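Following: one structure in structure tokens, then a few remarks.
The values are calculated or read from the model by the stated rules, or taken from the named source; none is laboratory data. Keep in mind it's a predicted model, so treat the numbers as computed, not measured. With ideal geometry, Cβ positions are generated from the backbone for all residues, glycine too; neighbour counts draw on all protein chains shown.
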Amino acid sequence: LSPRLRGCNLYLIGMMGSGKSAVGDALARRMGTYNFLDTDVILERAVGMSIPEIFEKEGEDAFRDAEAQVLDSVHAHVRCVIGTGGGLVTRNQNWAKLQTGLVLYLKTDPETIYKRIEGTDRPLLQTDDPLATLKDLTEERRGKYEQADVTIEVEDGMDVEAVTDMCIRML
Ligand code: S3P
């Protein structure tokens, strides 16, 4: 492993459906001594509700507060690959935690994401035109995602192993 890492955490950021969970899991396995954590999964287990249920019952603000708390707790770990919810980057205070590690942005087109997540339950995409919503969200968050240390361009049709290889090459 690159000496640049020195056991620091790797944070995967990017839009929903960009592959953070699948790539994060594969990346941690390839790196051997790293564990994979996923902020959405930790949050769901902590509150005993699914992400759509949390949005529905508590609203987005409460979800973002809880998500920030999860980040607070996971950032204290070492040698973890941490997959983050797509909107975690939008809170400035979360960047203090992200910057304690190395941040990788999985950059994907809204069209690619749309194909991948069609039929899944994403609370923010319960709109008349989910593709347009994805485009708006991607544009709105662009400046945040671009604060990453490393950007991985994920092309349509690229599989998990290929994206993981690209991540490894960038470390
Ligand atoms: C969100 C992305 C989701 C989840 C929630 C909100 C977002 O996570 O945290 O639905 O704001 O983009 P994934 O990026 O893991 O799908």
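When restricted to residues that are within 15 Å of the chain's Cα centre (by Cα), within 15 Å of the ligand (Cβ to nearest atom) and either modelled with pLDDT under 95 or surrounded by fewer than 21 Cβ atoms within 10 Å (Cβ to Cβ) (or both), region 64-81 contains 3.
Could you tell me which residue of region 84-101 is farthest from the ligand (Cβ to nearest atom), considering only residues that are among the aliphatic types (A, V, I, L, M) and crowded, with 21+ Cβ neighbours inside 10 Å? The qualifying residue farthest from the ligand (Cβ to nearest atom) is Leu98. I'd like to verify a number: residues in region 17-58 that are within 14 Å of the chain's Cα centre (by Cα) and part of a strand (DSSP E or B), how many? Here the count works out to 3.
Contact annotation: residue pairs with Cβ atoms under 9 Å, 6 or more positions apart or on different chains, pairing a residue in region 126-142 that is touching a residue at least 40 places away in the same chain (Cβ under 8 Å) and closer than 14 Å to Ser18 by Cβ with a partner that is assigned to a helix (DSSP H, G or I) and of a type outside the set (A, V, I, L, M), are Leu134/Pro110; Leu134/Glu111; Leu134/Tyr114; Leu137/Pro110; Thr138/Pro110; Thr138/Tyr145; Arg141/Thr90. Taking the numbered list (1) within 14 Å of the ligand (Cβ to nearest atom); (2) more than 22 Å from Glu44 (Cβ to Cβ); (3) surrounded by fewer than 13 Cβ atoms within 10 Å (Cβ to Cβ) in turn, Val154 passes all entries but (3).
Looking at Thr112, Thr84, can you tell me which residue is within 26 Å of Arg29 (Cα to Cα), in contact with an Asp or Glu (Cβ under 6 Å, 6 or more places away or on another chain) and either modelled with pLDDT under 95 or hydroxyl-bearing (Ser, Thr, Tyr) (or both)?
Numbers: Thr84 fails: in contact with an Asp or Glu (Cβ under 6 Å, 6 or more places away or on another chain).
Step by step, each of Thr112, Thr84 is checked, and only Thr112 is within 26 Å of Arg29 (Cα to Cα), in contact with an Asp or Glu (Cβ under 6 Å, 6 or more places away or on another chain) and either modelled with pLDDT under 95 or hydroxyl-bearing (Ser, Thr, Tyr) (or both).
Screening region 102-122 for residues that are more than 23 Å from Ala162 (Cα to Cα) and either within 13 Å of the ligand (Cβ to nearest atom) or touching a residue at least 40 places away in the same chain (Cβ under 8 Å) (or both) and picking the one that is nearest to the chain's Cα centre (by Cα) gives Arg122. There is at least one residue in region 123-132 that is of a type outside the set (Phe, Trp, Tyr), within 12 Å of the ligand (Cβ to nearest atom), surrounded by fewer than 13 Cβ atoms within 10 Å (Cβ to Cβ) and assigned to a loop (DSSP other than H, G, I, E, B).
State yes or no: is Gly119 surrounded by 13 or more Cβ atoms within 10 Å (Cβ to Cβ), of a type in the set (Gly, Ala, Ser) and not in a helix (DSSP H, G or I)? No; evaluated as a whole, the condition is false for this residue.
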